[in-house]
Amino acid sequence: MSPLIGLLRLTRPKQWIKNTFVLAPLVFAREFTHPESVINALIAFGLFCVASSATYILNDIRDVERDRTHPIKRHSRPLAAGTVSLRSAIGLLIACYCVLTAGWFWSVDTMLAIFAYLALNVAYTYWLKHQPVLDLFSIATGFVLRAYAGALALAVPLSSWMAITTLCLALYLAAIKRRQELASNGTESREVLRMYSAALIERYAEMSATGALIFYSLFVMSANAKLAATIPLVIFGLYRYWYVVERLGGGESPTDAVLSDWPLALAIVIWIGVCVVALLPN
């Protein structure tokens, strides 16, 4: 593997799909027909991709020794595998921070949300990820900050319903991730897993999935009755994702689960299409 490819893998571009939450306000605030709003939303998305890559790089630097003993990460993580030097990783991290600093000249409000995300992830890397329950809420709060940054980029309010739906959905994904880590590697891969049981995490996941569905239904019914057509798609998505986790061994990486399962990916694409059509100006 060339050093350039190793540096690219260090930024984890596949994980950028999570940053599409930044674009949610663009759709639900009906700003997607305005070119200026689309440009601002895409800039916010790009900056969040840089911010999320910075957090992954920092996490890999912090955990390089532990990752070298992990059965999967010692091959998949460039630092642990030795394909990228520590000096190169630190240089790339500084470059990411420089790009984000330049973002202040574009939108101070949006960058405040992004830097709050960075601060949260620094705390997560060094402390919060070792604290049961707080680790799950830290991950979920990062998704809420994505949606909030998207709203700030467009100068539109973030719906409270959207915020709580995002929180519940992210808690569901985080709980499933912990469940699969526990099932695949036991308590060795993460210190916090020693404080969980599979049954407890499953109850967290079930509660979060139920909350996400209820709050999403209330959100779309209050925002636009036409969006009610998307509720069955959301139910299918939750069911299918759980199937991928339970029967196909996915879930440890939600991104891989979405990208590798075509029915789930198709349901998400159709959901986006229905949302856009339902919210088109009359």
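The values are calculated or read from the model by the stated rules, or taken from the named source; none is laboratory data. Just so it is clear, the structure is predicted and the values come from calculations on it, not from any experiment. Positions of Cβ are generated from backbone atoms using ideal geometry, with glycine treated the same way; all protein chains shown enter the neighbour counts.
The residues in segment 81-129 that are of a type in the set (Lys, Arg) and surrounded by 15 or more Cβ atoms within 10 Å (Cβ to Cβ) can be counted, and the count is 1.
The rows are residues; the columns are (1) part of a helix (DSSP H, G or I); (2) of a type in the set (D, E, K, R); (3) more than 19 Å from VAL144 (Cβ to Cβ).
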| position | (1), (2), (3) |
| --- | --- |
| ALA174 | yes, no, no |
| ARG203 | yes, yes, yes |
| PRO232 | yes, no, yes |
| ARG240 | yes, yes, yes |
| TYR243 | yes, no, yes |
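Within segment 178-199, none of the residues are within 22 Å of GLY46 (Cα to Cα), part of a helix (DSSP H, G or I) and under 19 Å from the mean Cα position of the chain (by Cα). Only a single item in (1) touching a Phe, Trp or Tyr at 6+ places or on another chain (Cβ under 8 Å); (2) closer than 30 Å to THR187 by Cα is not met by ASP67, and it is number (1). Scanning segment 130-151 for residues that are in contact (Cβ under 8 Å) with a residue 60 or more places away in the chain and either touching a strand residue (DSSP E or B) at 6+ places or on another chain (Cβ under 9 Å) or under 17 Å from ALA44 (Cβ atoms) (or both), we see that the one that is surrounded by the most Cβ atoms within 10 Å (Cβ to Cβ) is GLY150. Considering only residues that are more than 12 Å from the chain's Cα centre (by Cα) and of a type in the set (D, E, K, R), look in segment 13-57 and name the one that is nearest to VAL276 (Cα to Cα). Step by step, filter segment 13-57, then rank; the result is ARG30.
Scanning segment 255-282 for residues that are exposed (fewer than 13 other Cβ atoms within 10 Å of the Cβ) and either modelled with pLDDT under 90 or of a type in the set (Lys, Arg) (or both) turns up LEU280, PRO281, ASN282. Screening ASP60 on (1) acidic (Asp, Glu); (2) more than 20 Å from the chain's Cα centre (by Cα); (3) part of a helix (DSSP H, G or I) shows it passes everything except condition (2). Among what's in segment 214-227 and is over 24 Å from VAL258 (Cβ atoms) and among the aliphatic types (A, V, I, L, M), pick the residue that is modelled with the lowest pLDDT. Only one residue fits best here, namely ALA223. Among the residues of segment 241-254, none qualifies, meaning not one is assigned by TED's automatic domain parsing to the domain that holds GLY186, crowded, with 20+ Cβ neighbours inside 10 Å, over 21 Å from ARG179 (Cα atoms) and under 20 Å from the mean Cα position of the chain (by Cα).
The condition (being assigned by TED's automatic domain parsing to the domain that holds LEU118, buried (at least 16 other Cβ atoms within 10 Å of the Cβ) and modelled with pLDDT under 95) is satisfied by just one residue among LEU10, LEU4: LEU10. When each of SER189, SER197, SER159 is tested for being under 30 Å from PRO35 (Cβ atoms), surrounded by fewer than 21 Cβ atoms within 10 Å (Cβ to Cβ), out of contact with any Gly (no Cβ under 8 Å at 6 or more places or on another chain) and not aliphatic (A, V, I, L, M), the lone residue that passes is SER159. Filtered by the rule that a residue be in a helix (DSSP H, G or I) and either under 19 Å from ALA54 (Cα atoms) or of a type in the set (Gly, Ala, Ser) (or both), segment 149-164 gives ALA149, GLY150, ALA151, ALA153, SER160, ALA163. Looking at ALA209, ALA257, just one residue is touching a residue at least 12 places away in the same chain (Cβ under 8 Å) and under 23 Å from TYR148 (Cβ atoms), and that residue is ALA209.
Yes/no per residue for (1) hydrophobic (A, V, I, L, M, F, W, C); (2) over 30 Å from ARG194 (Cβ atoms); (3) not assigned by TED's automatic domain parsing to the domain that holds ALA174; (4) not in a helix (DSSP H, G or I):
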site: LEU93; (1), (2), (3), (4): yes, no, yes, no
site: THR101; (1), (2), (3), (4): no, yes, yes, no
site: MET111; (1), (2), (3), (4): yes, yes, yes, no
site: ALA119; (1), (2), (3), (4): yes, no, yes, no
site: ILE139; (1), (2), (3), (4): yes, no, yes, no
site: PHE143; (1), (2), (3), (4): yes, no, yes, no
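Look at ALA51 and say whether it is modelled with pLDDT of 90 or more and buried (at least 20 other Cβ atoms within 10 Å of the Cβ). In short, yes.
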